[in-house]
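The values are calculated or read from the model by the stated rules, or taken from the named source; none is laboratory data. Note that the structure is a prediction, hence the values are computed from the model and not measured. Cβ coordinates were reconstructed from backbone atoms using ideal geometry, including for glycine residues, and neighbour counts include every protein chain displayed.
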Amino acid sequence: MKQNLQVLNSLFRFYNEGFRNMSAWGRKVWIIIIIKLFIMFAILKLFFFPDFLQEKYDSDKQRSEYVLDQLTNSPYNHD
Amino acid sequence: MIENVDLTLVDWSRAQFALTAIYHWLFVPLTLGLSFILAIMETIYVKTGNKEWKRVTRFWMTLFGINFAIGVATGIILEFEFGTNWSNYSWFVGDIFGAPLAVEGILAFFLESTFVAVMFFGWNKVSKKFHLTSTWLVAIGANLSALWILVANAWMQNPVGMTFNPETARNEMVNFWAVLFNQVAVDKFLHTISSSFLLGSMFVLGISSWFLIRKREELMARRSILIAGIFGLLSSLMVSYTGDASARTISNVQPVKFASMEALFEGKSNAGLVAFGILKDTDKKIGERVVKEFAFKIEIPGLLSVLSGGANDAYVEGIADHISGNEKKGIMSVPEKMQRGQFAKNVLTDYKRARIINDNEELESIKGIFRDKEFQDSYFRYFGYAFINKPEDVIPKVPVTFYSFHLMVILGFLFIMIFAMALYFLFKGTISENRWFLWIALLSIPLPYIASELGWILTEMGRQPWIIQDMMPVSIAVSQISSGSVITTFILFAVLFTVLLISEISIMVKQIKTGPKQ
């Protein structure tokens, strides 16, 4: 148990020191990563990219029925 | 309803996916290629103990870090699009796409949170050997991570190892190994990683050339050119070898794409390999599609027959053979495939009807049909043809396919020459004096990116109209959402990715100008 805690502690210090001693480009890049992930997950995914089938139907059975409908209805001809 | 799908929605959804995939692929190959170059450089440092090699490694590691960080997670957007824009497709592919992507996700997470951190934070904190191991694991892990995405893509080009279950309306994996060792996946993986190694090498060669032009960091530049030259030359040879293997596989599993790559409308024996050509329209037509011919071409007689059939007089199938069929060559016509696809669709429609009226006997009987290998292989395999209106609709845009393929090949040969010349001048000790060559190397940095993107354009445009070869056309795969929302997100992505790209280039240029730490 004590040994595990020591490992965790040294891991924490490794990452902590790494982030604290990061170079200027490293800091800049981290800011970009955080902004990018925020835009992707908090804006794009949330407001623009709902999962179509998950949102429209409650169960897999309904989803499969919907897709089956899509696959068996009148053909759409590709141009 | 599918009959209400408008082409604007299909086209915008395709354009959006193409945009995000093209941008994503601007970041990925440098990560794949540069990671191995770093590992080689660090290995030399650990073996020799020479501090200059450590300095060289750390400089390129900085550029690797910038590219890795800006590019990380850009591929997740493609997954968003699958769920929103391509829901029919996502459902239809079932766990075949899910399993490889899950493996990739887990691999990427562990790789990024552990070994990349050791690479950047671990200098002087962990042992030299542990650090080196981490660098190698990042290189191997990043490339293995790409494997799973390519396996999923290869399945779309050549669907194998699955069976369609009408109950769930999904394809279910029945043979993981068939999916993993799909010939298209093997070829695609080897071709993609070798082209990424080449790209990473050209990046190192070009930037090192800039240092030599500026008469700065000459020792570092020469050492970098040595590694990039050798690694780049071997990679570019491997690219041409794996490219040839890929083309052979395409001729078997996507013959219409292969014939389009060569703009071969009529099949023939003693077919020449067109090294370069300009296409023009003719009066002839296949259905309503205008047949193209060469206004100008440089051709090596008989070579296409030799490469594809192993003999000068080997018959190379043309587009017309695959549209009208060729009994002598055992090629099924598109109308025949359309009939088989329609039959499979009728069986599926019967299944749906039986489900609505709860006719259990009929349901069990139809499930039995779907369990029959003959039905899956000879009828459901052509399910997508039920949605094809005219046989000529299965012909991709020939000029796009032909030019993207040929330009990529021409660039491939140019890269072999550039790396060979770099090594020649380096070993002769005259690389710094040949400033014209240094400029060529510097200006060549974008070329492998162009070649790599052309490869993907060929892969994806060449298999149209299919999203899953023969089984599902793109028009059926798309979700019933408003095209307005797709246009909005297209613009958002274009802005986001452009900002990311500009950020990457500006941070990278600044770091290059700063040069390695003393």
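For the reader, a short list of remarks on this structure follows.
- Only one of B:S475, B:S452 that is within 13 Å of chain A (Cβ to nearest Cβ) and either under 28 Å from the mean Cα position of the chain (by Cα) or in a helix (DSSP H, G or I) (or both): B:S475
- So A:L11, is it surrounded by 11 or more Cβ atoms within 10 Å (Cβ to Cβ), at pLDDT below 85, at the interface with chain B (Cβ under 7 Å from one of its Cβ atoms) and part of a helix (DSSP H, G or I): no
- Meets criteria (part of a helix (DSSP H, G or I) and free of Cβ contacts under 8 Å to residues at least 40 places away in the same chain) for B:F189: no
- Qualifying residue in segment A:62-72 (condition: assigned to a loop (DSSP other than H, G, I, E, B) and facing chain B (nearest Cβ under 8 Å)): no
- Residue check for B:S113: more than 30 Å from B:R58 (Cα to Cα) and either assigned to a helix (DSSP H, G or I) or at pLDDT below 80 (or both): no
- Test: residue in segment B:196-208 that is surrounded by 24 or more Cβ atoms within 10 Å (Cβ to Cβ), assigned to a helix (DSSP H, G or I) and in contact with a Lys or Arg (Cβ under 9 Å, 6 or more places away or on another chain): yes
- For segment B:60-78, a tally of residues being among the hydroxyl-bearing types (S, T, Y) and more than 7 Å from chain A (Cβ to nearest Cβ) returns 1.
- Flag if B:T57 is among the hydroxyl-bearing types (S, T, Y) and within 12 Å of chain A (Cβ to nearest Cβ): no
- Flag if B:E104 is within 12 Å of chain A (Cβ to nearest Cβ), assigned to a helix (DSSP H, G or I) and surrounded by fewer than 21 Cβ atoms within 10 Å (Cβ to Cβ): no
- Whether a residue is within 14 Å of chain A (Cβ to nearest Cβ), of a type outside the set (S, T, N, Q), assigned to a helix (DSSP H, G or I) and within 23 Å of B:L34 (Cβ to Cβ) was assessed, and B:A142 does not pass this test.
- So B:I445, is it touching a helix residue (DSSP H, G or I) at 6+ places or on another chain (Cβ under 7 Å), over 26 Å from B:I395 (Cα atoms) and buried (at least 20 other Cβ atoms within 10 Å of the Cβ): no
- Residues of segment B:503-518 that turn out to be under 24 Å from the mean Cα position of the chain (by Cα) and of a type outside the set (D, E), as a count: 1
- Here segment B:240-287 is the region considered, the condition is being assigned to a loop (DSSP other than H, G, I, E, B) and charged (D, E, K, R), and the residue that is surrounded by the most Cβ atoms within 10 Å (Cβ to Cβ) is B:E262.
- Count of segment B:301-321 residues which are at positive phi and within 27 Å of the chain's Cα centre (by Cα): 1
- Within segment B:478-487, considering residues that are touching a residue at least 60 places away in the same chain (Cβ under 8 Å) and in a helix (DSSP H, G or I), the one nearest to the other protein chains (Cβ to nearest Cβ): B:V486
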